[in-house]
Amino acid sequence: MIRSLNILIFYCTVAALYGQEFKAKLSHNKVAINQNFKITFELNGSGSSFSAPDLSKFQVLGGPNQSNSVSYVNGKMTQSISYSYTLRPRVSGTFSLGKASIVCNGKKLSTQTLNVEVTKEKVKQQQTQQNSHNHFDPFGQ
């Protein structure tokens, strides 16, 4: 009985180690000087010792903002954690945002490097279209 329990714990631990993914994403990869954008680092699991990349080329307007999520679906628990920063570029050019890292189940994970292009002119961003039939405006505006 104890041997079966140890084997089950081993397989659950191995599955947890190999199922972890730590990634970075940008709200926009092309922005204008003095235009805000967001970078988010997401882990599909739980972690500790988060280390952000060097953000000194940008003005940090907010962050790190941490978000944790735990859900149970059909008796299976899933966790995720994210860290986000709101940034504003100071000068134009193409900048590389280095890797962030986090420790998950004793293993150090790193994100990929992301590039952001900063232009002098305002960049036209895609706007989210809202369906007017689904939008309730109590003030009729």
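The values are calculated or read from the model by the stated rules, or taken from the named source; none is laboratory data. Since the structure is predicted, the reported quantities are computational estimates derived from the model, not experimental observations. A quick note on method: Cβ atoms are made from the backbone with ideal geometry, for glycine too, and the neighbour counts reach across all protein chains shown. We work out accessible area using only protein heavy atoms, side chains counted, and drop any ligands, DNA or RNA first. Shrake-Rupley method; radii C 1.70, N 1.55, O 1.52, S 1.80 Å.
Quick notes on this one:
- Exceeding the 22 Å Cα-Cα cut-off - candidates LYS57/LYS108; LYS25/LYS108; LYS57/LYS107; LYS38/LYS108; LYS57/LYS120; LYS38/LYS107: LYS57/LYS108; LYS57/LYS107; LYS38/LYS108; LYS38/LYS107
- Between THR94 and SER56, the modelled label-to-label distance comes to 2.3 nm, taking each label 7 Å out from Cα in the direction of the beta carbon.
- Computed over neighbours whose Cβ is under 11 Å from that of GLN59, the net charge equals +3, Lys and Arg +1, Asp and Glu -1.
- Net lengthening on full extension, SER48/GLU21 (0.36 nm per residue, minus Cα-Cα): 8.3 nm
- Average accessible area per residue (Å²) across segment 12-103 - probe 1.4 Å, nucleic acids and ligands excluded: 57
- Local charge for VAL91 was computed over the other residues whose Cβ lies under 13 Å away, with Lys and Arg +1 and Asp and Glu -1, and equals +3.
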